[in-house]
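So the structure is just underneath, and the comments pick up after that.
The values are calculated or read from the model by the stated rules, or taken from the named source; none is laboratory data. Treat the numbers as computed from the prediction; the structure is a model and nothing was measured. Backbone-built Cβ (ideal geometry, glycine too); neighbour counts: all protein chains shown. For the accessible areas, the whole protein counts, side chains as well, though only heavy atoms, and no ligand, DNA or RNA atoms are used. Shrake-Rupley method; radii C 1.70, N 1.55, O 1.52, S 1.80 Å.
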Amino acid sequence: MATHHAAPGEVVDLANWAGDLSSERTKIIVKTDQIQLARLVVPKGKELPNHKIADPLVVQCIKGQIEFTAMGVTQELHPGQLLYLMAEEPHSLKGIEDAVILLTIAFA
């Protein structure tokens, strides 16, 4: 089945996009030359080891809870909370509860 990308002007209900947690892990919502929005599922206990990306990044917790480490600090993110990282900033995360996060990457 092809991945549905949101069209310009389309309302995206992130709660519904989280309704397929058992069958999918990552879903690209929007991808253009300037920006990418991706929904990631992070199961409880799952760890994403230290890594970095070439572009600025916003991580927003939609559902559940994650532990996010960057800039020498580990913080918990709860629904409705987000954080911003500059390009090339090493970071890692861990699911404290089954979580859904929204990643926004602004391409340089």
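Counting only protein heavy atoms and using a 1.4 Å probe, the accessible area of Asp98 comes to about 100 Å². If I compute P(r) over Cα pairs in 5 Å bins from 0, in percent from the structure I just sent, which labelled value in (1) 2, 11, 13, 10, 7, 6, 6, 5, 5, 5, 5, 5, 4, 4, 4, 3, 2, 2, 1, 0, 0; (2) 2, 12, 23, 25, 20, 13, 4, 1, 0; (3) 2, 12, 21, 21, 20, 14, 7, 2, 0 lines up? Label (2) holds the value from this structure.
Mean separation of Cα pairs under 8 Å and 6 or more residues apart, divided by the residue count, gives the chain a relative contact order of 32 percent. Between Ala7 and Val73, the modelled labels are 4.2 nm apart [label points 7 Å from Cα along Cα→Cβ]. Per residue, the chain reaches -500 deg cm²/dmol at 222 nm when only DSSP H runs of four or more residues are counted, each adding -39500 (n - 2.57).
The lysine pair tally for the chain, using Cα distances under 21 Å and a gap of 8 or more places or different chains, is 12.
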